[in-house]
Amino acid sequence: MHQHTESRRGSIIDVPPLPEHPFCTIVIPCYNEEHYIESTLRCVRAQRYPADRIEIFVVDGGSTDATREIVARISAEDPRVVLVDNPRRIQSAAMNIGIERSRGDVIIRMDAHAEYDESYVMASVSALRRTGAVNAGGAARPRSRNDFQRVLCAVLSSPLGVGGSAYRDASREGFVESVFNGAFRREVFDVVGLYDTNAVTNEDAELNQRIIEAGGKVYLSRDIQVYYYPRSSISAVVRQYFAYGKGRARTLLTHRRLLSVRPFIPFLMVTSFALLTAGSVVVPSLWPVLGAQATAYAVIVLVESGRAARRGALSDLPLLCAIFPIIHFAHGVGVWAGLLQHARTVGPEPRERLPAR
């Protein structure tokens, strides 16, 4: 008997039950990851899962560092590891290249900037079998290699930093809007289509929204454990969250609806500050309102930064106080940039589908 779920719109994703050890395809998008790719592949190759039931595609966007040489060396030791070219470089294109080459009944995304528990694949398959979900994944657990990353990890583990996102909470278990990376039933890509290759960022959330709108379920499991390494500088964080904001805007314009308002809270905050600032120039009586809002925001940031510093080191307080607003404002401004860039060019569009076998 096939498992199926039905959405409010009446669409159905129908999938057969999975065997205990389905064949799994692991797709690793990467570009210039010489500092991380070897440890990532070490984790992948050490999975407690039948070795003959896994294939591994490292889909590289033309790395200019030693990434390709490292992968080629490992591939010579383990023929399951295959280096594949990604001319478009972006992650959504890399995923589609891997999916189209795949033989797996389950397709598992693994990012190169991360380390995976040895039970990662088994736990992913188990969650799919146990819950009837068509995508299962774990929480995004940040891990550091330097002091800046350590402070950034504290921000990314805070509700103020990530807005209470379920997939950031390692204690959560259940059906959610999105997960980190994900393990997908192959049938999903025949029903909802492949990744959106025009999406430079937010491609995972956009795909998960299509899955949910088509009646599929996305499951977050505590047993699926992965640790990722965040950016290593303020400038990199600014670029990342600005790009995330643009991606969120594009997803909104594509689907014309939100699964949750939560990701747009920084956008609403930035808009509020901008409107009050502009309004205060014309109506001076609004200056106290702007001042009150700015003071309230500063107090919230200071209190949460202090809480995070007490868990780490008090010397982290100045950087914590800086990173919270940097993330909020970069993301909020990015949403505005995305809305302005894509307002006339993006709308609902069909996606290329993976042909049924």
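Nothing in this text is a laboratory measurement; each read-out follows from the coordinates by a stated rule. Because the structure is a prediction, the values reported are computed rather than measured. Positions of Cβ are generated from backbone atoms using ideal geometry, with glycine treated the same way; all protein chains shown enter the neighbour counts.
Some points to look at:
- Hull-based mean projected area of the chain, where the convex hull spans the alpha carbons, in square nanometres: 19.3
- Computed from phi, the 3J(HN,Hα) profile of the stretch 284-300 under the Karplus parametrisation 6.51, -1.76, 1.60 (θ = phi - 60°) reads x, 5, 7, 4, x, 5, 4, x, 5, 5, 5, 5, 4, 5, 4, 5, 4 Hz, with x in place of Gly and Pro.
- Contact order relative to length of the stretch 22-62, as percent, for alpha carbon pairs under 8 angstrom and 6 or more apart: 73
- Separation in nanometres of the label points that stand 7 Å from Cα toward Cβ, at L314 and R101: 5.5
- Scaling the Cα radius of gyration of the stretch 75-169 by the globular reference 2.2 N^0.38 Å produces a ratio of 1.32.
- Using a Förster distance of 51 Å, the FRET efficiency for R88-S285 (Cβ separation, nearest 0.05): 0.45
- Farthest toward positive dipole pole in the stretch 254-342 [+1 Lys/Arg, -1 Asp/Glu at C-beta], among A330, F273, S260: S260
- Residues whose amide H comes within less than 5 Å of that of Q225, counting only those at least five positions distant or on another chain, are D117 (H built at 1.01 Å from N in the peptide plane).
- Dividing the summed -39500 (n - 2.57) terms of all DSSP H runs of n ≥ 4 by the residue count of the chain sets its mean residue ellipticity at 222 nm at -14500 deg cm²/dmol.
- Taking θ as phi - 60° and the Karplus parameters 6.51, -1.76 and 1.60, the scalar couplings of the stretch 167-179 work out to 6, 8, 9, 5, 8, 7, 8, x, 6, 9, 7, 7, 9 Hz in sequence order, x denoting glycine and proline.
- Cβ-placed point charges (K, R +1; D, E -1), dipole of the stretch 254-342 about Cα centre in debye, nearest 20: 300
- Each of S158, S124 has some number of other Cβ atoms within 10 Å of its Cβ, and from fewest to most they run S158, S124.
- Helix 91-101 and the longest principal axis of the C-alpha atoms of the chain enclose an angle of approximately 10°.
- Working note: Karplus 6.51/-1.76/1.60 with θ = phi - 60° gives the stretch 114-124 the couplings 8, 10, 10, 4, 5, 9, 4, 5, 4, 5, 5 Hz, where Gly and Pro are set to x.
- Förster-model FRET efficiency, 30 Å R0, R130 and D190, C-beta, rounded to 0.05: 0.85
- Of the residues D111, D78, the one with the fewest other Cβ atoms within 10 Å heads the list, and the complete ranking is D78, D111.
- Its Cα gyration tensor gives the stretch 259-330 an equivalent ellipsoid. The semi-axes, each the square root of 5 times an eigenvalue, are 27, 16, 9 Å from largest down.
- For the chain, a simple Cβ point-charge model (Lys and Arg +1, Asp and Glu -1, everything else neutral) yields a dipole of about 740 debye relative to the Cα centre.
- Neighbour counting of Cβ atoms within 10 Å sorts the residues M110, M269, fewest neighbours leading, into M269, M110.
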